[in-house]
Amino acid sequence: MAELLQQVHVDLGERSYGIQIGRGILDTLGQEFPGRSVLLVSDSRVDPLYGDRAEAALQAAGCKCVRVQVPEGEGSKCTAQLQRLWEAAVEARLDRKSLFVALGGGVVGDLCGFAAASYLRGVDFVQVPSSLLAMVDSSVGGKTGINLPQGKNLVGAFHQPKQVLIDLELLNTLSPREFSAGMAEVIKYGVIWDADLFRFLAEQVDAIRSLGADALATLVTRSCEIKAEVVRQDEREGGLRAILNFGHTLGHAVEKVCGYGTYLHGEAISIGMAYAARVSEQAKGFSGEERDRLDQLLQAYDLPLSWEGLDWEALWQAMCVDKKAAQEAPRFVLAEALGRVGLPEPCDRELLQDCFRAGI
């Protein structure tokens, strides 16, 4: 039985939408969009688990559904898979009144969202995240895109969904590793915005790791509230929204240098946050005690901290072509205290290298 637990409103004027959080609510998919023609996009892991159920819900709402399955993994965020979605939409004769639905993790959401943003110069789409990371981060805020060989998320568009439907029961089939990776983004919210959330995550480790219903609903809802407020204030990352990139400068470089898939996104961001905390300690006076608390919380959720064995020069080059770079130099979001960070800023290369070497 579908149970709606919480709703979060993303206030963007005419582009506003709701985030529905509940249990069993996958079965309500399509009820807000009756009679639409739908391109349902999922991947090779999620589609066998939930594709039939999602399609049945859409059909119950009177929607005509075409399903496309892409390979699981970061490699699907590419031009070849993007073209597959465009061509599938054309073959199905989808028009500007049609709807794209992303059923999956962040890769599927980013890819399907960009296809929706660009097909016929923009059609509606819905996010149905299946991973914790997608539920708390990538499904909210309208960032869509694909990777290029030179770097991650270098091509994309801002295209807000019409709805985000978060069914917490989908987490029951998530691997422990994927769940931990999602926790990296939740921990990030505690660092950049909400010290009370950080404390909650530290106090409720056992409840969260055992998928306790109340704990999960709390952390997902609060994460979505924070993301919604940041996006409300800065939809297109002209200022405040950039704080969401805490840990991402080095994290994206780790993903690229090691090869996408070696580290899950959240694992790479965990390494990036541990490193950014050390830079923050040197550059912003972030306390050693709070840095240790961050390290301990990341470890409590089985997230990696070490960048031992990674090549500094390769990481530096990757950071210099990151989308957050300016004048071919990387910029970092640095912490001043738990719950407070500054906007991205350049850092002295020697300082960055010293912090890297000191952490090995």
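Can you tell me which residues in region 325-342 are among the hydrophobic types (A, V, I, L, M, F, W, C) and touching a helix residue (DSSP H, G or I) at 6+ places or on another chain (Cβ under 6 Å)?
Across region 325-342, the qualifying residues are Phe332, Val333, Leu334, Ala335, Leu338, Val341.
Determine whether Gly30 is buried (at least 22 other Cβ atoms within 10 Å of the Cβ), on the phi > 0 side of the Ramachandran plot and touching a Leu at 6+ places or on another chain (Cβ under 7 Å).
Taking the combined requirement at face value, the residue satisfies it.
Within 30 Å of Ala207 (Cα to Cα), modelled with pLDDT of 95 or more, small (Gly, Ala, Ser) and in a helix (DSSP H, G or I), is that true of Ala283?
Answer is no for this residue.
Quick check: is even one residue across region 184-191 acidic (Asp, Glu) and either out of contact with any Leu (no Cβ under 8 Å at 6 or more places or on another chain) or more than 26 Å from Arg291 (Cβ to Cβ) (or both)?
Taking every residue of region 184-191 in turn, none turns out to be acidic (Asp, Glu) and either out of contact with any Leu (no Cβ under 8 Å at 6 or more places or on another chain) or more than 26 Å from Arg291 (Cβ to Cβ) (or both).
Residue-wise test of (1) at pLDDT below 95; (2) under 25 Å from Tyr119 (Cβ atoms); (3) within 15 Å of the chain's Cα centre (by Cα).
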position	(1), (2), (3)
Leu148	yes, yes, no
Lys152	yes, yes, yes
Pro161	no, yes, yes
Val164	no, yes, yes
Leu170	no, no, no
Ala181	no, no, yes
Trp193	no, no, no
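For the structure I just gave you, tell me whether Pro149 is without any contact (Cβ under 8 Å) to a residue 60 or more places away in the chain and surrounded by fewer than 24 Cβ atoms within 10 Å (Cβ to Cβ).
Yes.
Taking region 1-19 as the search range and keeping residues that are surrounded by fewer than 19 Cβ atoms within 10 Å (Cβ to Cβ) and touching a residue at least 60 places away in the same chain (Cβ under 8 Å), which one is nearest to Ala115 (Cα to Cα)?
Arg15
Somewhere in region 119-128, is a residue in contact (Cβ under 8 Å) with a residue 40 or more places away in the chain, under 16 Å from the mean Cα position of the chain (by Cα) and either in the same structural domain as Val333 (by TED's automatic domain parsing) or buried (at least 24 other Cβ atoms within 10 Å of the Cβ) (or both)?
Yes.
Can you say whether Gly266 is in a helix (DSSP H, G or I) and either buried (at least 16 other Cβ atoms within 10 Å of the Cβ) or in contact (Cβ under 8 Å) with a residue 12 or more places away in the chain (or both), as far as the supplied structure shows?
yes
Between residues in region 226-243 that are touching a residue at least 12 places away in the same chain (Cβ under 8 Å) and in a loop (DSSP other than H, G, I, E, B) and residues that are aromatic (Phe, Trp, Tyr) and surrounded by 15 or more Cβ atoms within 10 Å (Cβ to Cβ), which pairs lie under 7 Å by C-beta distance while being six or more apart or on different chains?
What qualifies is Glu235/Phe158; Arg236/Phe158.
The values are calculated or read from the model by the stated rules, or taken from the named source; none is laboratory data. Just so you know, these numbers come straight off a predicted model, no measurement behind them. Cβ coordinates were reconstructed from backbone atoms using ideal geometry, including for glycine residues, and neighbour counts include every protein chain displayed.
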